[in-house]
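Trainee: Dumping the structure here so I can ask a few things about it.
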Amino acid sequence: MRKGVTASAACLSALVLCAGMAPAASAAAAPKDPPKGEITIRVLTVNGSGCPAGTAAVSAARDNTSFTVTYSKYLAQAGGNSNPTDLRKNCQLSLAVHIPQGFTYAIASADYRGYANLANGATAQQRANYYHQGMPQSTSVAHNIRGKYSDNWQFTDRTPVAELVWKPCGEDRNFNINTELRVDKGSSKPDETSFISFDSTDGNVNTIYHFEWKKCPGR
């Protein structure tokens, strides 16, 4: 058994523009602290086999440094008596993010957490990307776990400062999140069930997205 799988995808931006394209909005120097005022985040649409209606929730941190997404029925599994359609689960969220006036934001990093129970010879994959509405879709970053494994897992995707993609100042743009969990039973025994989930043994696990803030020009 291996404990606490972690990884950092610093070499791959989770919010990357297509080659030759520039960010849609410029911004002034970054403020020392997050902006004051309330941030509200509302789920507009939910689609995918990993997040049936009512099983995904979102909330902003009180200090305006991040927001969390919580899933309660997001699990992929293979082997044993599993249904073939269960080996891959996905979720697409569209969020309305309201931030204090005069500021813009980018996502600097994302922490993904969950639990996996994989038989010897089985593998699991967690994949995700996110982007502002109307802007190029980001590169999808994937992380793998190999069995035998039975423990919580955590992966962190970091975006280099030079590659941060900022929400255009003064524009309302929904924020979209795509995630996927997948299991391959591989060489494990046919009667062994392997799974990966956005959950944990104590049920207290959130996916956390960390803000980077800048003041808009002229503010």
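The values are calculated or read from the model by the stated rules, or taken from the named source; none is laboratory data. Nothing here was measured: the structure is a model prediction, and the numbers come from that model. For neighbour counting, all protein chains shown are included, and Cβ atoms are generated from backbone atoms with ideal geometry for every residue, glycine included. Protein only, heavy atoms only, side chains kept; ligands, DNA and RNA dropped before computing areas. Shrake-Rupley method; radii C 1.70, N 1.55, O 1.52, S 1.80 Å.
Trainee: With every protein chain present, what is the per residue accessible area of segment 40-215 (1.4 Å probe, Å²)?
Mentor: 45 Å²
Trainee: How long is the gain from V43 to K215 if the chain were fully straight, where each residue apart is worth 0.36 nm and the alpha carbon distance is subtracted?
Mentor: 59.4 nm is the gain from fully extending V43 to K215.
Trainee: At a 1.4 Å probe radius, carbon and sulfur cover how many percent of the accessible area of segment 62-108?
Mentor: 45 percent
Trainee: Say the dipole of segment 40-215 comes from +1 at the beta carbon of Lys and Arg and -1 at that of Asp and Glu; which of A108, M135, T193 then lies farthest toward its positive end?
Mentor: So the residue furthest toward the plus end is M135.
Trainee: Let me ask something else about it. Checking the table K73/K185; K89/K148; K36/K73 against a 26 Å threshold on Cα-Cα, which pairs fail?
Mentor: Check vs 26 Å cut-off fails for K36/K73.
Trainee: About its Cα centre, how strong a charge dipole does segment 112-192 have in debye, to the nearest 20, once Lys and Arg get +1 and Asp and Glu get -1 at the Cβ?
Mentor: That gives segment 112-192 a dipole magnitude of about 180 debye.
Trainee: List the aspartates and glutamates whose Cα lies under 13 Å from the Cα of K167, skipping any in the same chain that are fewer than 8 positions away.
Mentor: E212
Trainee: Further question on the same structure: In Å, the Kirkwood hydrodynamic radius of segment 40-215 over pairs of distinct alpha carbons?
Mentor: Taking every pair of different Cα atoms in segment 40-215, averaging 1/r and inverting gives 16.9 Å.
Trainee: Sticking with this one: Assigning unit charges at the beta carbon (Lys, Arg +1; Asp, Glu -1) and nothing else, what dipole magnitude in debye, to the nearest 20, does segment 32-176 show about its Cα centre?
Mentor: My answer is approximately 260 debye.
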